[in-house]
Amino acid sequence: MPVIEILKDPSALSMTVVAELAAPLERSWQLLADPRQLERWWGPPSYPATVTEHDLTPGGHVVYYMTGPGGERPRGWWRVLAVDPPRSLEVEDGFADADGDPDPNMPVMTMRFTLEEAAGKTLLTSVTTFPSLEAMQHLLAMGMEDGIRAATGQIDGILGEAA
């Protein structure tokens, strides 16, 4: 499993996930830049993702849904704030309703992915910033940390295949 550290900082309203990827920087960037690769790891194994829109330009959107074991389809979206391939991506991250519109009952977070090459491997760091302590606690109680650990755990298998 590539996750080497998860740090939760309630005072900064953030959760930082650091993963070591067994691939160089350019190859690791494809995990975000290629929608077919993104969908293979963004959802945990029991909730695989399907990416329906993928535009990694500032102002662009990534739209997806996950399919649960009972056929339920929770939806989500990213709005791209900044992108610097292959080193960083910053997005607003939110939940969507059944029509794919932002769910006003769920918090919107900011996520910043940074990739740094180190000795032929890549450190992928994701910092999620929550709008409030209550939102952070709510999402962690929903299983966000375990979901991220399980989802990121799928990356090694993807990197073991041809890009």
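Of all the listed residues (ASP93, ASP101, ASP97), the sole one being among the acidic types (Asp, Glu), within 16 Å of the chain's Cα centre (by Cα) and over 14 Å from ALA19 (Cβ atoms) is ASP93.
Annotation: GLY43 fulfils all but one of (1) out of contact with any His (no Cβ under 8 Å at 6 or more places or on another chain); (2) outside any loop (DSSP other than H, G, I, E, B); the unmet one is (2).
Residue check: THR125 meets all listed conditions (1) surrounded by fewer than 18 Cβ atoms within 10 Å (Cβ to Cβ); (2) over 24 Å from ALA12 (Cβ atoms); (3) at pLDDT 95 or above but one, namely (2). Before we move on, is MET111 out of contact with any His (no Cβ under 6 Å at 6 or more places or on another chain), assigned to a strand (DSSP E or B) and without any contact (Cβ under 8 Å) to a residue 60 or more places away in the chain? So MET111 fits the description; yes. Kindly provide the set of residues from the stretch 39-96 that are closer than 20 Å to THR129 by Cα, of a type in the set (Gly, Ala, Ser) and touching a helix residue (DSSP H, G or I) at 6+ places or on another chain (Cβ under 7 Å), ordered by number. The one that is closer than 20 Å to THR129 by Cα, of a type in the set (Gly, Ala, Ser) and touching a helix residue (DSSP H, G or I) at 6+ places or on another chain (Cβ under 7 Å): GLY43. Candidates in the stretch 49-66 are the residues that are in contact (Cβ under 8 Å) with a residue 24 or more places away in the chain and part of a loop (DSSP other than H, G, I, E, B); of these, the one that is nearest to ALA33 (Cα to Cα) is LEU56. For the residues VAL80, VAL91, the requirement of being at negative phi, modelled with pLDDT of 95 or more, in contact with a Phe, Trp or Tyr (Cβ under 9 Å, 6 or more places away or on another chain) and surrounded by 15 or more Cβ atoms within 10 Å (Cβ to Cβ) singles out VAL91.
In contact with a Lys or Arg (Cβ under 8 Å, 6 or more places away or on another chain), closer than 28 Å to GLN137 by Cβ and among the hydrophobic types (A, V, I, L, M, F, W, C): is that true of VAL51 in this structure? Spelling it out, it is not the case that VAL51 is in contact with a Lys or Arg (Cβ under 8 Å, 6 or more places away or on another chain), closer than 28 Å to GLN137 by Cβ and among the hydrophobic types (A, V, I, L, M, F, W, C). Selection of the stretch 114-136 for residues being free of Cβ contacts under 8 Å to residues at least 12 places away in the same chain and over 30 Å from ALA22 (Cβ atoms) yields only GLU134.
The values are calculated or read from the model by the stated rules, or taken from the named source; none is laboratory data. Every value quoted in this text rests on a predicted model; they were computed, and no experiment measured them. So basically every Cβ, Gly included, is an ideal-geometry build from the backbone, and we count neighbours across all protein chains shown.
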